[in-house]
Amino acid sequence: MNRQPFAILVLLFSLLSISCAGSVWVSSIEDLPLAMQDNKLIVVSPKLLDETLNRLKDKTVVVEFATSWCSICKEIKRPLRKLAAKGQGSFYILQVDVTHEFEPLIKHKMNWAYPGFLIVSPELKEPIRIYGGNKLDALQGWLLAGKERPTVSPMIFGDGKGDLPAKAVLVAGSSEVANFAQEVAFVRGLLVEKGIKAEETSCFYANPDPISYQGDRKQFDELKNFLSDCRPATREEILRTIQKSLSANPETFVLYASSHGQAPQEAPKLEKDEQDCLSRAPALVLDSGRSECDKMNDLTPESIASIIPEGNTSRKVFIFQGCFTGGFISNTDDPKSDPSALAKLPHMTILTASRSDRSSFGCDAGTLTTIYGGAFTHVLLEEKAPLASIPWLDLHKDIANIVDRAEQKIRLRPSSEPQFFQTP
């Protein structure tokens, strides 16, 4: 019997099992040197990720965290493979599937948003974390810039008014795109027109990483002067400022917070010595000052409610722009029977960009604001009443109508359905 054709088939099958259309599967660390020569997307298992990164510690490496159900991950597979082919030894792209294994996300301080990209390089003081397929162009531009690529952001924080009570606290929580910070600048200007002095506002933003800065460079540069007295958007400082401001019991107090939102996460399976650092509550992401335990950094209904002084009589108007922010009112359709910690407090008015189980839209590089943020600033600009007399329910209805029309126009479904809640 001639075994040669059979042997050839076995060889072909073996090659196909480890390499396919621009990607190569590394089943053991011994396969890595050969995979590096192929200039392909390198697919590794969650268990092999850390060892692979250690072997590549003197290289620029991008890790894509993907899941089997992530449609965007599938859409960017081809452009990601093309980008990997351009590396030619100057950078490498790894892909790891975390559908069933969450430990890499926790260990590398990644948000539960897909696709997520972790960028490590000897050129960087610390890793960069970015999210979404819309970041691919900025990532490619940064990688292909070679020695010309920026390694730090030129945005500068100011001292702010940290020791003064504020009548408005404005937060741009995520550094990935400029539109969160743009909304802070817009809302601040509009509140000044409504009678709040500029020095009675406290603003916070997350300094963009070099890749995000490059992706929205023009808009970030235009915002430098508007944000020059803002401080880093860390939870500790934001909550301290809110608490101090409400202790002065102003007639009306406004919190506007815009960022990526996260839905409550189910508890992952952890090793005995690992800490559960995923929030059981809805959260607005704060990129600044992230630590080993991310749920200790992000804004949640509980964290804000816990610092509001007992007996405070200020009319508190809290606006949350981000995915799943309806959870700041309730995680169900009935906030009266299942209110959040914030919705239980008196004198509260809460507006959110979405239902607790829905995404909001528009947090992309190159857009001036998010869809909700743009609608909010437009309606607030048209509102003639002073701050203390604004009919917030009517304002919400106008905002929701604008958002719905905008989402229908570009066929974004399911719709975000902005929410409103008020307590006496």
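Read-outs throughout are calculated quantities, based only on the coordinates presented, and are distinct from any laboratory measurement. As the structure is a computational prediction, the values presented were derived from the model and not from experiment. Because the Cβ atoms are built from the backbone with ideal geometry, glycine has one as well, and the counts that use them run over all protein chains shown.
Relative to the compact-globule estimate of 2.2 N^0.38 Å, the Cα radius of gyration of segment 85-171 comes out at 1.45. Over the chain, all Cα pairs binned in 20 Å intervals from 0 give whole-percent P(r) values of 25, 53, 19, 3, 0, listed from short to long. When Rg and the Kirkwood Rh are both derived from Cα coordinates, the Rg/Rh ratio for segment 340-424 amounts to 0.99. The simple Förster model, with R0 at 45 Å and r as the Cβ-Cβ distance, assigns residue 192 and residue 82 a FRET efficiency of 0.40. Helices that extend 30 Å or more along their long axis by alpha-carbon positions and average at least -0.5 on the Kyte-Doolittle scale are absent among the DSSP H runs of the chain. Ranking 223, 132, 297 by how far each Cα lies toward the positive end of the dipole of the chain (charges on Cβ) leaves 132 at the top. State the answer as a single residue: which of 24, 44, 361 lies farthest towards the positive end of the charge dipole of the chain, with beta carbon charges of +1 for Lys and Arg and -1 for Asp and Glu, about the Cα centre. So the residue we want is 24.
For segment 75-181, the list of trypsin sites (Lys or Arg not before Pro) that fall in a loop by DSSP and count at most 12 other C-beta atoms within 10 angstrom reads 125. Straightening the chain between residue 347 and residue 148 buys 66.4 nm, computed as 0.36 nm per residue apart minus the Cα-Cα spacing. Averaging the Cα positions of each part gives two centres, and for segment 165-182 and segment 220-249 these lie 8 Å apart. Between residue 125 and residue 75, the FRET efficiency from the beta-carbon distance, with R0 = 30 Å, is close to 0.40.
For the pair segment 360-424 and segment 130-151, the centres of their Cα atoms are 31 angstrom apart. In a simple Cβ point-charge model (Lys, Arg +1; Asp, Glu -1; nothing else charged), segment 168-422 has a dipole of about 480 debye relative to its Cα centre. Computed from the alpha carbon positions, the gyration tensor of segment 121-258 leads to an equivalent ellipsoid with semi-axes of 32, 14, 12 Å, biggest first. In straight-distance terms, cross-link reach from residue 86 covers every one of the lysines whose alpha-carbon lies under 18 Å from its own, apart from those fewer than eight places away in the same chain; here that gives 40, 59, 77, 135, 147.
Taking only the Cα atoms of segment 14-148, the radius of gyration and Dmax are 13.6, 40 Å.
What does the C-alpha gyration tensor say about the overall shape of segment 29-105? Classify as rounded when a/c is under 1.5, otherwise prolate if a/b is larger than b/c, or oblate. The shape class here is oblate.
Taking the chain as a Gaussian network of alpha-carbon nodes connected by springs under 10 Å, the highest mean-square fluctuation of the residues 374, 141, 173 belongs to 141.
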